[in-house]
Amino acid sequence: MSLHRALFCAGLLVLVAGCSTTPPRTTLPSAATTTAVAPPSPSPSPSPTEEMTVEEKVGQLFMPVLYGSTADTVNQENQARYGVGTPAEVIEKYHLGGMILFPGTGNIVNARQVAQLTAGLRAASPKVPLLIGVDQENGIVSRLDGIVTDIPGASVIGQTGDTRNARDAARVTAEELNALGISLDFAPVADVNVNPNNPVIGPRAYGNDPEEVADMVGAAIQGFHDGGVATTVKHFPGHGDTNMDSHTSLPVIDHTRAEWEKLDAPPFKEAIANDVDAIMSAHIVMPALDPSGDPATLSKKILTGVLRGELGFKGVVFTDALNMEGVREKYGDGEVAVRAILAGVDILLMPPDFDAAHDAVLAAVASGRITATRLNASVERILALKENYGLDHPRAFPHPSAAAKLLKTAEHRAVARRITTGSR
């Protein structure tokens with residue numbers, strides 16, 4: 001049953017038709033009546049948001065870190081941050097749309113444990129499927145290091161000059177994430193590393209040539225789609241020409257508009273052309289695109305004006321992690337969350353003060369600062385992404401007991417070896 005139909009059937013609007021997944025049969029009019037009576041216009045399908053409360057909608061906008069190795073693990077960190085002890089209770093309390101697996105939280109121990117954790121997290125969200133993400137770029141950003149196949153990072157793949165390597169690496173990664181019950185990867189990096197002193201991107205990028213990086217990014221997106229996992233390119237509008245790290249400061253990139261078009265934009269345009277599922281914003285200032293001094297994450301000119309309006313992106317927009325200092329310099333954690341949504345963000349990633357962010361968004365919706373139309377637009381994009389990947393299907397992922405057997409297979413290791421050595 002599709003997510004749209006599951007939500008529709010959950011309400012009271014289907015008293016007669018019921019929730020059968022088989023469309024009702026219709027009786028064709030006779031030839032005598034077709035000339036006299038026009039066929040009725042089809043009723044528009046109700047939006048899935050019609051069956052959701054405001055609290056349920058707002059919950060879809062959040063993807064925090066949860067603590068524990070199982071969904072039912074009581075953890076003091078959960079208690080302190082969310083007021084309840086287990087990951088499952090947090091999901092239920094706040095109607096969370098997703099969560100990100102992260103090292104240091106107890107989330108990642110071994111293959112079977114991760115698969116059992118994700119299965120338990122999904123079970124805690126029966127009405128709307130949970131989106132479970134991870135930063136598995138491969139190379140120096142590998143949150144599942146030791147659990148999944150050791151695939152070379154983007155710079156190594158870029159140096160091969162073979163887009164098949166980018167596609168196969170992404171496919172292998174996606175197949176293994178799927179085996180672990182993970183539905184979205186925060187990869188690939190679409191930044192063009194034109195600054196050799198860049199402290200935060202460097203080898204995470206495919207290279208320093210915009211067109212070559214674009215080709216690799218497009219191939220990687222195809223590979224993620226081949227493997228059945230949603231893909232997120234990052235960091236829009238481009239984090240490649242900075243000598244500062246947005247984890248600890250707010251970088252300013254002084255590219256002209258023409259330089260941005262030439263150096264930064266091509267990989268993102270290629271990603272959109274390849275139907276990328278999501279795009280992550282950068283906590284960087286780019287005055288040529290928005291002279292306000294706000295980071296791109298909080299810029300309506302950049303996220304709504306450029307990304308959606310000019311580039312035509314219709315998918316989900318994530319913030320980069322909101323615990324990074326680059327987005328926290330000017331505003332408090334509650335105001336940052338509201339401004340990000342108003343700028344065009346759909347999902348707030350890793351808010352450092354969850355209650356402040358959640359309460360601020362609820363208050364902004366109640367006051368009309370975030371309108372119902374604006375809220376529904378984000379929720380509908382999020383639900384569409386989940387439906388596109390069949391996350392509401394009971395067998396969307398392998399059974400946790402099968403996870404270990406689907407990782408580090410001979411074929412997957414052969415792909416890694418081919419990329420590393422150039423062997424066939």
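Taking every alpha-carbon pair within region 177-266, the share separated by more than 18 Å comes to 46 percent. Per-residue ellipticity at 222 nm from helix content only, as computed over the chain with -39500 (n - 2.57) for each DSSP H run of at least four residues, stands at -11000 deg cm²/dmol. Each other residue within a Cβ distance under 13 Å of Asn197 adds +1 if Lys or Arg and -1 if Asp or Glu, for a net charge of -2. Result for the chain in a Gaussian network model with C-alpha springs under 10 Å: among Met286, Met244, Met63, the largest mean-square fluctuation is at Met244. Between Asn110 and Glu77, full extension at 0.36 nm per residue minus the direct alpha carbon distance yields a gain of 9.8 nm. Close amide H partners of Met280, meaning residues 5 or more places away or on another chain with modelled amide H under 5 Å apart, are Val233, Lys234, Phe236, Phe318.
Straight-line cross-link reach from Lys408 at under 20 Å between alpha-carbon atoms covers these aspartates and glutamates, not counting any fewer than eight positions away in the same chain: Asp135, Glu137, Asp145, Asp150, Asp168, Glu175, Glu176, Asp185, Asp226.
When peptides 331-338, 294-301, 49-56 are ranked by their average number of other Cβ atoms within 10 Å per residue, the highest-first order is 294-301, 331-338, 49-56. Taking a sphere under 11 Å around the Cβ of Thr232 and counting the other residues whose Cβ falls inside, with K and R at +1 and D and E at -1, yields a net charge of -4. Of the beta bridges in the chain, as assigned by DSSP with both residues counted there, near 10 percent are antiparallel. Our note on the geometry: Cα centres of region 286-304 and region 347-424, 25 Å apart. The mean sequence separation of alpha-carbon pairs under 8 Å and at least six residues apart, normalised by the residue count of region 35-162, gives a relative contact order of 21 percent.
For Leu144, what is the net charge nearby, where nearby means another residue's Cβ is under 14 Å from its Cβ and Lys, Arg count +1, Asp, Glu -1? With Lys, Arg at +1 and Asp, Glu at -1, the neighbours total -4. The 3J(HN,Hα) values that the Karplus relation (6.51, -1.76, 1.60; θ = phi - 60°) gives for region 202-212 are, in residue order, x, x, 6, 8, 6, x, 10, 9, x, 6, 5 Hz. Gly and Pro appear as x. Averaged over residues, the count of other Cβ atoms within 10 Å places the peptides 220-229, 411-420 in the sequence 220-229, 411-420, highest first. Each residue of region 214-225 was assigned a 3J(HN,Hα) from its phi angle through the Karplus expression (A = 6.51, B = -1.76, C = 1.60, θ = phi - 60°), giving 4, 4, 5, 4, x, 5, 5, 4, 4, x, 4, 5 Hz with x at Gly and Pro. For Lys127, the aspartates and glutamates whose Cα falls under 17 Å of its own Cα, not counting residues fewer than eight places away in the same chain, are Glu50, Glu51, Glu55, Glu56, Glu89, Glu92, Glu380, Glu387, Asp392. Against the chain, whose longest principal axis comes from its Cα atoms, helix 410-421 is set at around 30 degrees.
Sequentially through region 340-354, phi angles give Karplus couplings (6.51, -1.76, 1.60; θ = phi - 60°) of 5, 4, 5, 6, x, 6, 9, 10, 8, 9, 6, x, x, 10, 4 Hz, Gly and Pro residues having no value and appearing as x. Label positions at Val252 and Thr421, each projected 7 Å from the Cα along the C-beta direction, are separated by 5.1 nm. To the nearest 0.05, how large is the calculated FRET efficiency for Ser367 and Tyr331 if R₀ is 22 Å and r is the Cβ-Cβ distance? Between Ser367 and Tyr331 the formula returns 0.80.
Straight-line cross-link partners of Lys300 among the aspartates and glutamates, defined as a Cα under 16 Å from its Cα and at least 8 positions apart when in the same chain: Asp290, Glu310, Asp320, Glu335, Asp346.
Bear in mind these aren't lab numbers, they're just calculated from the coordinates by the rules spelled out. Keep in mind it's a predicted model, so treat the numbers as computed, not measured. Cβ: placed from backbone, ideal geometry, glycine included. Neighbour counts: every protein chain shown.
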